[in-house]
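The values are calculated or read from the model by the stated rules, or taken from the named source; none is laboratory data. For clarity, every value in this text was computed on a predicted model and none was experimentally measured. With ideal geometry, Cβ positions are generated from the backbone for all residues, glycine too; neighbour counts draw on all protein chains shown.
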Amino acid sequence: MGVVSLTDKFTSPVPAAKLFKALILDADNLLPKLMPQAIKSVEIVEGNGGPGTIKKLTFAEGAHIKYVKHRIDAVDEEKLTYSYTLIEGDDLLDKIESVSYEIKFEATPDGGCKGTDVSKYHPKPGVQIDEEEAKAGKQKAMAVFKVVEAYLLANPEAYA
């Protein structure tokens, strides 16, 4: 079976640039603060934060996954686009070679934003990707998005 691609579209009342800053550029600091019950830490293990950088996300104790590593492929602060690839993770990558993600934020006339999140699952040879499992994983990612969105709505001065 080949690559499985899932596309999600989202909207938010938060301005695109503000959401990009919080969710993408400052996620290493913000996510462990907002979600300590889920995310223990995010750290750079190689690189300077730009393309090619490898980050390790360590989950809180009790999670079914202990950690994942991803590589930043591209960051465009002007176009509000970000792409990265999940390259390592305990227990997670027994069926998957990698998962690539492309996220794009766009301003809307009402002052909020809309966006697109594309995930491409690259299975190991002879493995079929369970689309329902992949969709469940995307729902967890959307929950993180909603936590950051709620924080920004409750703290309008943040990331201004």
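Structure above, values below:
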{"read-out": "Unmet requirement for Asp130, which otherwise passes all of (1) within 21 Å of Tyr82 (Cα to Cα); (2) surrounded by 12 or more Cβ atoms within 10 Å (Cβ to Cβ)", "value": "(1)"}
{"read-out": "Those residues of region 108-143 which are in contact with a strand residue (DSSP E or B) (Cβ under 8 Å, 6 or more places away or on another chain) and among the hydrophobic types (A, V, I, L, M, F, W, C), in sequence order", "value": "Cys113, Val118, Val127, Ile129, Ala134, Ala141, Met142"}
{"read-out": "Test for Lys140: is it over 26 Å from Pro51 (Cα atoms) and in a helix (DSSP H, G or I)", "value": "no"}
{"read-out": "Top-ranked residue of region 9-32 - restricted to ones that are in contact with a helix residue (DSSP H, G or I) (Cβ under 6 Å, 6 or more places away or on another chain) and outside any helix (DSSP H, G or I), ranked as surrounded by the most Cβ atoms within 10 Å (Cβ to Cβ)", "value": "Val14"}
{"read-out": "Hits in region 113-130 (condition: over 11 Å from Val4 (Cβ atoms) and assigned to a strand (DSSP E or B))", "value": "Cys113, Lys114, Gly115, Thr116, Asp117, Val118"}
{"read-out": "Extreme residue, surrounded by the fewest Cβ atoms within 10 Å (Cβ to Cβ), among residues of region 62-98 that are β-branched (Val, Ile, Thr) and within 24 Å of Asp130 (Cβ to Cβ)", "value": "Ile65"}
{"read-out": "Complete set of residues in region 99-111 that are under 12 Å from Ala16 (Cβ atoms) and either buried (at least 16 other Cβ atoms within 10 Å of the Cβ) or among the hydroxyl-bearing types (Ser, Thr, Tyr) (or both)", "value": "Ile103, Lys104, Phe105, Thr108"}
{"read-out": "Any hit, region 39-52, residues being surrounded by fewer than 16 Cβ atoms within 10 Å (Cβ to Cβ), within 20 Å of Ala143 (Cβ to Cβ) and touching a helix residue (DSSP H, G or I) at 6+ places or on another chain (Cβ under 9 Å)", "value": "yes"}
{"read-out": "Single condition Leu86 does not satisfy, out of (1) free of Cβ contacts under 8 Å to residues at least 12 places away in the same chain; (2) closer than 16 Å to Val144 by Cβ; (3) of a type outside the set (Lys, Arg)", "value": "(1)"}
{"read-out": "Residue in region 146-154 that is closer than 16 Å to Thr11 by Cβ, free of Cβ contacts under 8 Å to residues at least 60 places away in the same chain, surrounded by 11 or more Cβ atoms within 10 Å (Cβ to Cβ) and not charged (D, E, K, R) present", "value": "yes"}
{"read-out": "Pairs, first on the phi > 0 side of the Ramachandran plot and at pLDDT 95 or above in region 107-122, second in a loop (DSSP other than H, G, I, E, B) and of a type outside the set (D, E, K, R), C-beta under 8 Å, six or more apart", "value": "Gly111/Pro13; Gly111/Pro15"}
